[in-house]
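Input: a single structure, listed below in structure tokens.
The values are calculated or read from the model by the stated rules, or taken from the named source; none is laboratory data. Keep in mind the model is a prediction, meaning the values are calculated, not measured. Note: ideal-geometry Cβ built from the backbone for every residue, glycine included; neighbour counts use all protein chains shown.
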Amino acid sequence: MNSLSKKDVKNTVTGDHHYLVLKDDGTIVAWGDNDCGQCDIPEPNKDFVAVAAGSGHSLGLKSNGSIVAWGRNDCGQCDIPKPNNGFVAVAAGRIHSLGLKSDGSIVTWGSNVSGQCNVLESNAHFVMIAAGDYHSVGLKSDGSIVAWGDDCYGQCYISKYNNDFIYVAAFDNCTIGVKSDGSVETWGHNSNDAKNYCKIGVKSNNLIVVAR
């Protein structure tokens, strides 16, 4: 593994059993389970601005708006649709992938076994994306959240007060939304006791920590 210090870290993401760290210099450091090549970062390892990790695949967003994918590809989760440009964000589910375009639309690829690649409503005005195991989530510019795919635990059943959200996240069978007033709402597996399941905490610097 390449040398790494805390001051170099821009972002960290985890897959099932592998880890990706995006460094301030635009390179990625990866370690953990590599049975599908999910830690074998394609060359050139530079100019990355965002990363995402699925069960056995990894995604990296380049500064030129293109996406690089590597690792497990049995469901096409690494087959980025063309044209591969204009992306501003990436997200990875267990075996599917999402890309947010600069025009506010979402592009999906990979497994669609639970409809996680079928973007609901008008595919426009999205500003943030997230992905759980088999569901997908998008935050709209009006502060509302849209979720689709597997809903076996209610992870796609967004609160009736679906407004004023400024941040969205997803993992496993859980969806998390942060309101403009700093409050946190959760949906999905054990969402009525989310602090036990998701172990949500807020640091002194206002960063939200979610542990499985």
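Tabulated values for the structure
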quantity	calculated
One residue from Asp33, Asp47 being surrounded by fewer than 16 Cβ atoms within 10 Å (Cβ to Cβ), out of contact with any helix residue (DSSP H, G or I) (no Cβ under 9 Å at 6 or more places or on another chain), on the phi > 0 side of the Ramachandran plot and of a type in the set (Asp, Glu)	Asp47
Selection status of Leu61, crowded, with 24+ Cβ neighbours inside 10 Å and touching a residue at least 24 places away in the same chain (Cβ under 8 Å)	no
Output for region 5-20, where each listed residue is acidic (Asp, Glu) and either more than 17 Å from Asp172 (Cβ to Cβ) or surrounded by 18 or more Cβ atoms within 10 Å (Cβ to Cβ) (or both)	Asp8
Enumerated strands (runs of 3 or more DSSP E) restricted to region 62-107, each holding at least 3 residues that are touching a Gly at 6+ places or on another chain (Cβ under 8 Å), under 22 Å from Ala147 (Cα atoms) and modelled with pLDDT of 95 or more	87-92, 96-101
Test: residue in region 175-184 that is of a type outside the set (Asp, Glu), under 22 Å from Val13 (Cα atoms), in contact (Cβ under 8 Å) with a residue 40 or more places away in the chain and in contact with a Gly (Cβ under 8 Å, 6 or more places away or on another chain)	yes
Scan of region 32-61 for residues that are assigned to a loop (DSSP other than H, G, I, E, B) and small (Gly, Ala, Ser), ordered by number	Gly37, Gly54, Ser55, Gly56
Matching residues in region 64-82 - criterion: being under 15 Å from Thr108 (Cα atoms) and either in contact (Cβ under 8 Å) with a residue 60 or more places away in the chain or of a type outside the set (Asp, Glu) (or both)	Ser66, Ile67, Val68, Ala69, Asn73, Cys75, Gly76, Gln77, Cys78, Ile80, Pro81, Lys82
Qualifying residue in region 182-195 (condition: out of contact with any helix residue (DSSP H, G or I) (no Cβ under 6 Å at 6 or more places or on another chain), surrounded by fewer than 19 Cβ atoms within 10 Å (Cβ to Cβ), within 30 Å of Asn85 (Cα to Cα) and modelled with pLDDT under 95)	no
Candidate set: region 160-181, residues that are in a loop (DSSP other than H, G, I, E, B) and farther than 12 Å from Gly143 by Cβ; chosen: the one modelled with the lowest pLDDT	Lys160
Lone qualifier among Val127, Val68 - being under 19 Å from Gly177 (Cα atoms) and either of a type in the set (A, V, I, L, M) or surrounded by 22 or more Cβ atoms within 10 Å (Cβ to Cβ) (or both)	Val127
First in region 8-25 and in a helix (DSSP H, G or I), second anywhere and among the charged types (D, E, K, R), Cβ under 7 Å, 6 or more apart	Asp8/Lys23; Asp8/Asp24
